[in-house]
Amino acid sequence: EGAKAWQEEDFTLAKQEFDLALRVKKDTTAAQNALYATINLLNDVDDDAEIKALQDEVVKYAKVLFSLGKNDAVYYKQLLFYASQGVTDIESSIDELGYEVRESENTIERSSKTVESSKERYEYYATGGGRRTSNSSTRAKQAKAEMEEAQAEVDAAQAKLDAAKTKIAALETEAKKFYQESLDICVEGLKYNADDADLSRSMIIYYLKLDKMDEAIASAKANIAKDPQDAAASLLLAQLYDQATDMSEEVEHKDK
């Protein structure tokens, strides 16, 4: 029934039939077919909740295949793909909040300067500095009003900045769970597919996302050791060294 449904491109029925077969007996063919039927269903789904449910099903079938000794790299890459889908929205939110942070910092810097200049003008006119004129009092009031308005802008921007940073910290913690999950998938996949370049590159990427530069460099070196003629691996190692140098210089600059 499952095979017939597949031929007719009724992937919902095909998935149900292969899933039923799996419940009767764990079988690699049924698990593979259920997995690919689910992937086909994903291509036609728009609802976020349905997408998440189907992605979870893909992960489930991949794990069944692993339990049956099917450790092909393609299944680990499927897991990586769907794990990365889960973190995409989080990364987008972090980027958007990053704009808020920069905008708030710019407002604080600009309005703080206005506060200082208005304060100086207020003190100048309020204390009778310079030549006393009939409108000194008016100018003092204007300067004070400008100072208070600018200070209110600083306070509002600071509150917005603090809130954005708090949200970013929480989102980064959540993102790191996905990064660690993805890294674990790469490490496990490479146990059975040691020469798979895609898994190796992905592992290095997730080491970097988790701020594990030493591990990333060690992995890049290991890839070169496997194939000294791999130009892409050598280029990646050079880029990692450059990035490590930049990070070191940034830390030194902050310490000064």
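Throughout, read-outs are computed from the coordinates displayed, never taken from laboratory work. Just so you know, these numbers come straight off a predicted model, no measurement behind them. Note that each Cβ is placed from the backbone with ideal geometry, even for glycine, and that neighbours are counted across all protein chains shown.
Values computed for the structure shown
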quantity: Gln229/Leu208 FRET efficiency (R0 25 Å; Cβ-Cβ; nearest 0.05); calculated: 0.55
quantity: DSSP H segments from the chain that extend 30 Å or more along their own axis, Cα-based, with Kyte-Doolittle mean of 1.0 or above; calculated: none
quantity: Sparsely packed trypsin sites (Lys or Arg not before Pro) within the range 79-166, loop by DSSP, other Cβ within 10 Å at most 14; calculated: Arg131, Arg132
quantity: Cα shape, the chain, gyration tensor, a/c 1.5 rule; calculated: oblate
quantity: Longest segment of the chain lacking GluC sites (Glu not before Pro) that sit in a DSSP loop with at most 11 other Cβ atoms within 10 Å; calculated: 10-256
quantity: Linear extension gain, Asp48 paired with Glu120, 0.36 nm per residue minus alpha-carbon span; calculated: 20.3 nm
quantity: Over 30 Å (Cα to Cα) - which of Lys25/Lys212; Lys15/Lys77; Lys70/Lys226 fall in this group; calculated: Lys25/Lys212
quantity: CD proxy at 222 nm, helix term only [per DSSP H run n ≥ 4: -39500 (n - 2.57); per residue of the chain; nearest 500]; calculated: -30000 deg cm²/dmol
quantity: Placed amide H near Leu68: partners under 5 Å, 5+ positions off or other chain; calculated: none
quantity: Net charge dipole size for the chain [Lys, Arg +1 and Asp, Glu -1 on Cβ; Debye, nearest 20]; calculated: 920 debye
quantity: Relative contact order computed over the chain (Cα-Cα under 8 Å; 6+ residues apart), in percent; calculated: 15 percent
